[in-house]
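Just so it is clear, none of the values below were taken in a lab; they were calculated from the coordinates. Every value quoted in this text rests on a predicted model; they were computed, and no experiment measured them. As a convention, Cβ positions derive from the backbone with ideal geometry for all residues, glycine included, and neighbour counts pool all protein chains shown.
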Amino acid sequence: MSQTPEFIPGDEFAKVLTETTMSLVCVLDRDGRIRLFNDACERVTGFTRDEVMGSDARDFVIPPEEAEAFSEVLGYVWSTGLSSPQVGHWLTKDGQRKLIAWSNRLMPSEDEGGSALLVTTGIDLSASPTADDDAFEGDPEAKLAEVSRLAQEQRALRRVATLVASEARPERVFAAVSEECARVLEVDASAVFRFEGDDTATIVGRHSRAEGADAFNLGMRLPASEDSGIGQVLRTGAPARIHDYTERPGVVADNMRQMSYRSSVSAPIVVAGIMWGAVGIASAEPLPADTEARLGAFCELVSLAVASAQAREDLSASRARLVKAGDEQRRKLERNLHDGAQQRLVSLALTIRLARRQLESNAETAAASLERAAGELDLALEELRELARGLHPAALTEQGLGPALAGVAKRLAIDVELSAPEDRLPENIEATAYYIVSEALTNVAKHAEATKAKVEMTVAGKALKFEVTDDGRGGADPSAGSGILGLRDRAEAVGGTLFVISPPGKGTIVTAQLPLNDA
């Protein structure tokens, strides 16, 4: 039975497709010069390919007010190699503007050492009416102004996103966000606030269009009260708007009036599910209705910057703690060996030498010395076994996670309710879970003033999940050397996660998840 041969597109097919498609197809080089201009492009713009081929697109089809954005897109694509879909305008030969939605992709040169080309395909949105078209019907200048505004906003967001991607320090990102917010949203001032634990907020980034001194300075700490936008964000977790500060009380309102700022909008910065801070803008005039939504995009970028910087800082600190912990454990092992088993072995050697001399003169005395030597040897062996249990408990190796933790629970002065999987798990996961749970329980017994604790361990999919809870006093602080950082380091060392919730007076919850990989 014969088979139809597979159709493999070639250069001729590509040429036919380019000219017959209804989509705009335009190929650009690195400098923005037009290298291909298909029939659809001619129909939409009125320019012939002979008029534009080899020319800079900015000299013919790119409107002057969008030339900067066009250049930034070219720079972004060639520097990253990534596509950058856009919506923008093309100029026609008779001076009209066509709204075009573009997709693009770099095409490597077929010639060795040749330059890549940017292949763009577009759809003329002006050809079919949309809801947005209806909103600007009869007012093309208003539509153009709106598109220009959106283009400016996207450029600002891209500049900040580039800073975030380059792993710039948070301070630089905060300053950039403040400046871009003030410029794009056309307000008098903008600031990035970080919430502190005492219901205050610190200004960590700011920009003001006012010359001279400002009532809001970098590093200034303000009360996050109900009378301020940032205070409302802190309490509700949602954007907040203050329409008029004229009659409002409080330090923030006083400073706003001092700078002749009448209204403000604030939006939350959330990092890893935690309310980290807020971005606030202030204006002498009422702010537009869409300000909260537009400000939210900048807040998302700040969140990414904070999370990225925090991850780098945590990784660096974790590495330092692991090195320090390793050094301390080695010194501890050395001390234990020196003060315990080593001393007994030295004493044993002396006793055996003494017994050897006594054999020639007094056999009974020699026998007693040998008996003492045997006792010293038993004690040395017991101390070595105890050290070995500290390095890796025998019960964990021989019986598994549940029995090993049950042994830990029996030695504590509090009641412990324990549930653990019966099936054996990968050795490294069992060891990590054992040390995390045993250290967490030890912390509960020593510091939490608790009467009981509970350990629940389950296997869910390809992960071991467990939780250690107690009825103690809570208030555990990871930054205060409470041992929580060590637990987190152990979990992250095997690719897992660990979180601690410890409100004062309500006990502590340690939640961890470890991946059950094959390694």
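Side notes on the structure shown:
- Potential extension, His243-Arg357 segment - 0.36 nm per residue separation minus Cα distance: 31.1 nm
- The distance linking segment 22-50 with segment 405-465 is 67 Å (Cα centroid to Cα centroid, whole angstrom).
- Remark: segment 428-437, residue by residue, has Karplus-estimated 3J(HN,Hα) of 5, 6, 4, 5, 5, 4, 4, 5, 5, 5 Hz, where x stands for each Gly or Pro and the curve is 6.51 cos²θ - 1.76 cosθ + 1.60 at θ = phi - 60°.
- Local electrostatic count at Gly54 - Lys and Arg +1, Asp and Glu -1, tallied over other residues with Cβ under 13 Å: -3
- Each label point was placed 7 Å from the Cα along the Cα-to-Cβ direction; for Ser83 and Ala460 their separation is 3.6 nm.
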